[in-house]
Amino acid sequence: MFRTHTNGELSLKNLNEKVTLSGWVQTIRDKGFMVWIDLRDRYGITQLVFDAERTSAEILEQAKKLGREFVIQAEGTVIERASKNPKIPTGEIEILVEKLTILNSAELPPFTIEDETDGGEELRMKYRYLDIRRNPVKEKLIFRHKMAQKVRNYLSDKGFIEVETPVLIKSTPEGARDFVVPSRMNQGQFYALPQSPQTFKQLLMVGGMDRYFQIVKCFRDEDLRADRQPEFTQIDCEMAFVEQEDVLNIFEGLTAHLLKDITGNEFGKFPRMTFDEAMKTYGNDKPDIRFGMKFVEVDELVKGKDFKIFDEAELVVGINVEGCADYTRKQIDELIDWVKRPQIGASGMVWVKFQNDGVITSSVNKFYNEEDLKKIAEKFGAKEGDLILLMSGNSNKVRPQLSALRMELGNRLGLRKGNEFAPLWVIDFPLLEWDEETGRFYAMHHPFTSPKPEDIPLLETDPGKVRANAYDMVLNGNEIGGGSVRIFNKELQSRMFDMLGFSKEEAEAQFGFLMNAFKYGAPPHAGLAFGFDRLVAILDGNEVIRDYIAFPKNNSGRDVMIDAPSPIHNEQLEELALKINL
Ligand code: ASP
């Protein structure tokens, strides 16, 4: 037997018991006549004491030879500590070691395996298995496990069945590039890895499964950011004989259940906001509603005063940054530079200060007198001490720019607190999105999303205005899930493919199987998917999803630990009938 207890378990209750522990050597304190070792495993740390007087000289010598991260087994007696450590559960006891076995020696690790480590990100990724020994990483993986368990239990209790869908499939149109896998048995042909199990879950509804879920890996070959990984996990769901309202209720329930578990609070009904309202008020379809700075449009107050930039703009819109009128010239200039960076791309910004002495002044005093500025301040509901920031331009450009500024200020002013949660639904998304570059419409969600029945006539006359029965769940400024009511009628689905520019042949080749299934009695159905990695990160008060994935990829999509992707042997290429053309 390697151990009678874990390293997080023993306390004064176990006094004088003979125990055996196993684990890693975290630290060694050698005082010459005595040696103390912190022994670590997943469950905690237990202090071992080696003492020639109380046991043997030999054991003390053995202990002195141990190094950090050696894997050892120690047998001994639980004794009370002279100097107790109230910070850890085992802090009142230690083990007087009588027998020591080295199970494995270890090379000096490339970084210290402590909560605060000296290892940089790349180094820790390379030795991820060592990083996982550290509490901050270990705890995140355990948290993820707990959330997965809760999700499974909740959905099972509601009658959902977990069904696995294949990983070697055909392209699914979720708007990203596919990862592809060449087929040896069908040379020149490729599987695609699923961007999501979308078509399969719809087929499960045709198959009568009624309520499906799966915690499932999805693959999208996209440029990476901190909150994106090429392979990620979804909680994927689909329901038959439901309307949008049914789906919203179930998944609002699931989210509230997880939030209650974490915060202890009831979350009640989640607010709902239409896409249009979200764009107008927050410049963003995933608004962080934990803080204000709502957009206020001021066109009618600022136009016609000879300020050309505003006169020529399609939209003049701003935010009120409460309590920031004391920002210095330098601070404001820095913010202006921030919005002018190419990532944001604004051409400038106008400020209006409602000073603490009641005077209202601005960077455009030449064009606007005190009375004009007062009206602007009133429109924002600004009070003494507030700072108004205004931006202008084309509405589809200026809204995201101001939204980025709002989020940045939210961060800088500490308004985006990790332990505060503000979920909401964003609904009534447009069905289609116009792409200037290719001069055609794309499905905003995916091509299986149903238009709102009352908007179907607009498909002919004004397709950009058609709203979809599509919804996103937003938490703290992040889209954590999204879905839609599906088209379940063959004719409408085929019309949709037409709108999206698929020829009959292309639609048949890519989605013939689904259209075919719709011939055999498809029930009305709807569903959604949550991004599980992101959900877990946010629930844990964090936004970096990589921290919650055991073996993540870096920003260039590499696994630096196993060194993938990597070239393959010529024989493998030959079997697949592939030539590398580099
Ligand atoms: N398959 C969709 C996605 O991955 C979710 C859904 O519509 O259910 O975003």
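Each value in this text was obtained by applying a stated rule to the coordinates, not by laboratory testing. All figures in this text were calculated on a predicted structure; none of them were measured in a lab. Note: ideal-geometry Cβ built from the backbone for every residue, glycine included; neighbour counts use all protein chains shown.
Out of every Cα-Cα pair that region 61-100 contains, those further apart than 15 angstrom amount to 52 percent. Our note on the geometry: Cα centres of region 507-582 and region 51-113, 45 Å apart. Taken over the alpha carbons of the chain as equal point scatterers, the Debye sum produces base-10 log I(q)/I(0) values at 0.07 Å⁻¹ of -0.61. When the pairs Lys87/Lys150; Lys201/Lys490; Lys170/Lys269 are compared against a 27 Å limit on Cα-Cα distance, Lys87/Lys150; Lys170/Lys269 fall above it. Computed as a quarter of the hull surface, the mean projected area of the alpha carbon convex hull for region 481-572 stands at 10.8 nm². Qualifying GluC sites (Glu not before Pro) in region 84-151, where qualification requires a DSSP coil assignment and no more than 10 other C-beta atoms within 10 Å, comprise Glu107, Glu116. Normalised radius of gyration for region 1-46, please: alpha carbon Rg relative to 2.2 N^0.38 Å, two decimal places. Normalised by 2.2 N^0.38 Å, the Cα Rg of region 1-46 equals 1.22.
Over every pair of different alpha-carbon atoms in region 307-417, take the mean of 1/r and invert it; report that Kirkwood radius in Å. Computed over region 307-417, the radius equals 14.2 Å.
When the helix-only estimate is applied to the chain (DSSP H runs of n ≥ 4, each -39,500 (n - 2.57), divided by the residue count), what is the mean residue ellipticity at 222 nm, nearest 500 deg cm²/dmol? Computed mean residue ellipticity for the chain: -8500 deg cm²/dmol.
Taking the dipole about the Cα centre of region 392-438, with the C-beta of Lys and Arg at +1 and of Asp and Glu at -1, give me whichever of Pro423, Leu402, Leu413 is farthest to the positive side. So the residue furthest toward the plus end is Leu413.
Relative to the longest principal axis of the Cα atoms of the chain, the long axis of helix 504-517 makes an angle of roughly 60 degrees.
Using 0.36 nm times the number of residues separating Ser566 and Ile580, minus their current alpha carbon distance, what extension gain do you get? Residue separation times 0.36 nm, minus the Cα-Cα distance, leaves 3.8 nm. Compute the signed sum of charges (Lys and Arg +1, Asp and Glu -1) over the other residues within less than 9 Å, Cβ to Cβ, of Gly410. Result for the neighbourhood of Gly410: +2.
For region 159-209, GluC sites (Glu not before Pro) meeting the loop criterion (DSSP other than H, G, I, E, B) and having at most 13 other Cβ atoms within 10 Å: Glu164. Scaled against the 2.2 N^0.38 Å expected of a compact globular protein of N residues, the Cα radius of gyration of region 224-318 reads 1.61. Fraction of C-alpha pairs exceeding 15 angstrom in region 185-277: 74 percent, rounded to a whole number. Which percent of Cα-Cα pairs in region 245-375 sits in each 10 Å bin, short to long? Histogram of Cα-Cα distances, whole percents per bin: 10, 29, 30, 15, 13, 2.
Between 0 and 90 degrees, the angle of helix 135-157 with respect to the longest Cα principal axis of the chain falls at about 60 degrees. Rounded to the nearest Å, what's the spacing between the alpha carbon centres of region 258-277 and region 169-197? Just the number, please. Region 258-277 and region 169-197 have Cα centres spaced 36 Å from each other. For region 219-273, the C-alpha radius of gyration divided by 2.2 N^0.38 Å, with N the number of residues, is 1.50. In sequence order, region 338-353 has phi-based couplings of 4, 6, 7, 4, x, 4, 9, x, 6, 8, x, 7, 10, 10, 10, 9 Hz under the Karplus curve 6.51 cos²θ - 1.76 cosθ + 1.60, θ = phi - 60°, and Gly or Pro positions carry x. The charge dipole of the chain, taken about its Cα centre with unit charges on the Cβ of Lys, Arg, Asp and Glu (plus for the first two, minus for the last two), comes to roughly 900 debye. Relative to the longest principal Cα axis of the chain, at what angle does helix 244-263 sit, 0 to 90 degrees, rounded to 10? Tilt relative to the chain: about 40 degrees. Here's the list of lysines a cross-link from Lys126 could span, going by alpha-carbon distance under 20 Å and ignoring same-chain residues fewer than 8 apart: Lys138, Lys140, Lys553.
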